[in-house]
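Below is one structure, written out as structure tokens; the observations come after it.
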Amino acid sequence: MPPTPDPTSHADRAASFSTGADVYARVRPGYPDDAVDWLLPRDSARVLDLAAGTGLLTRSLVRRELEVVAVDASAPMLDRLRAALPSVDARLGTAEEIPLPDASVDAVVVAQAWHWFDTARAAAEIARVLRPGGRACVLWNDRDERVEWVARLGEIMHRGDPLAPDGSHSVHAPALGPAFDASDRSTFPWHQRLATRDLRNLVASRSYALTLPDAERAELLQRVDDLTTTHPDLSGTEQVVLPYVTTAYRARRR
Ligand SMILES: C[S@@+](CC[C@H](N)C(=O)[O-])C[C@H]1O[C@@H](n2cnc3c(N)ncnc32)[C@H](O)[C@@H]1O
């Protein structure tokens, strides 16, 4: 990343997680077990967590006693993953050039990261490393904005963000191309318990905040603090229940 990241640049935004790995590992949500159960083929033995970050999904794969390879483009994110999950084979690499041999894994999971990839190249690479009959699994967590304060938080997060999606990334099935059957989709509501003061860190862990100039980041985080101190559902609370919906897509490699 250049010394002054550009919040309008997709590449700078994709690379920005390196500067926020500690806070990311602490406040970003994991993924519900029922979503992971639905995604993975029952006979999976070896699974690639692609763009694994600090390992928020990887840890559920490890709990299932799978042989797990984690790949991410960010060395600081992978350092957190290695510290938390030393049994995982963690490799620096990209979705566009996956550092694995052909037909070497039963499933590839991509959590909260498909939108950062060159998706045509990533889909071809995922097809290459999957065994025939293996599975591509793509998922996102979306905050459930049917809750009013969560919608207010979302407005604050996205205001002024030139790369904010219209709606959510998870609205569109990932374009995996001709090597895959059509994907199935399912959704899984769940919630994360979070210290109220960490709502500001949740916002700070996002690529938009990570790439903003210092003064603009401070203004953004001040707006979050204003929400947490004045909103009747938040003010005076130590903890919040932040509702999420995980949207998951799975597709079979032909
Ligand atoms: C929002 S984080 C998601 C991390 C993790 N999967 C999770 O659910 O917490 C996005 C991750 O994608 C990684 N990333 C971005 N572009 C990538 C690429 N082209 N190839 C591999 N990793 C990439 C970033 O380094 C970051 O760790």
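Each reported figure results from applying straightforward, stated rules to the coordinates on display, with no laboratory input. Because the structure is predicted, anything quoted here is derived from the model rather than measured. Neighbour counts run over all protein chains shown; Cβ positions are idealised from the backbone, glycine included.
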Residue-wise, which Karplus ³J(HN,Hα) couplings in Hz belong to region 9-20, taking 6.51 cos²θ - 1.76 cosθ + 1.60, θ = phi - 60°, and x for glycine or proline?
-> 8, 4, 5, 5, 5, 4, 8, 5, 4, 4, 7, x
Find how many whole Å separate the alpha carbon centroid of region 71-122 from the alpha carbon centroid of region 149-186.
-> 20 Å
Separation between the Gln222 and Ala164 pseudo-spin-labels, each 7 Å from Cα along Cα→Cβ, expressed in nm?
-> 1.9 nm
Please turn the phi angles of region 55-62 into ³J(HN,Hα) values with the Karplus equation 6.51 cos²θ - 1.76 cosθ + 1.60 (θ = phi - 60°), one per residue in order, whole Hz, x for glycine and proline.
-> x, 5, 8, 3, 5, 6, 6, 4
Which whole-number percent is the relative contact order of region 152-254 (Cα, under 8 Å, 6+ apart)?
-> 47 percent
Inter-probe distance in nm under a simple model that places probes 7 Å from Cα toward Cβ, at Glu145 and Ala124 = 3.5 nm
Any chance you could give the angle, 0 to 90 degrees and rounded to 10, that helix 214-230 forms with the longest Cα principal axis of the chain?
-> 70 degrees
Calculated FRET efficiency for the pair Arg197/Asp37, C-beta based, R₀ 30 Å, to 0.05 = 0.35
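Set the Förster radius R0 to 35 Å, insert the Cβ-Cβ distance between Asp214 and Leu234 as r into 1/(1 + (r/R0)^6), and round the FRET efficiency to 0.05.
FRET efficiency, Asp214 to Leu234: 0.85.
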Mind checking which of Gly20, Phe180, Val224 is farthest towards the positive end of region 10-252's charge dipole, using Cβ charges of +1 (Lys, Arg) and -1 (Asp, Glu) about the Cα centre?
-> Phe180
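Within the chain, what is the longest stretch that has no GluC sites (Glu not before Pro) placed in a DSSP loop and near at most 16 other beta-carbon atoms within 10 Å? Walk me through the numbers before you get to the answer.
On the way: sites that count: Glu65, Glu96, Glu145, Glu238.
The longest uninterrupted stretch comes out as 146-237.
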Considering Cα pairs under 8 angstrom that are at least six residues apart, work out the relative contact order of region 10-252 and quote it in whole percent.
-> 24 percent
Assuming a ≥ b ≥ c are the square roots of the Cα gyration tensor eigenvalues, decide whether region 26-131 counts as rounded (a/c under 1.5), prolate (otherwise, with a/b larger than b/c) or oblate.
-> rounded
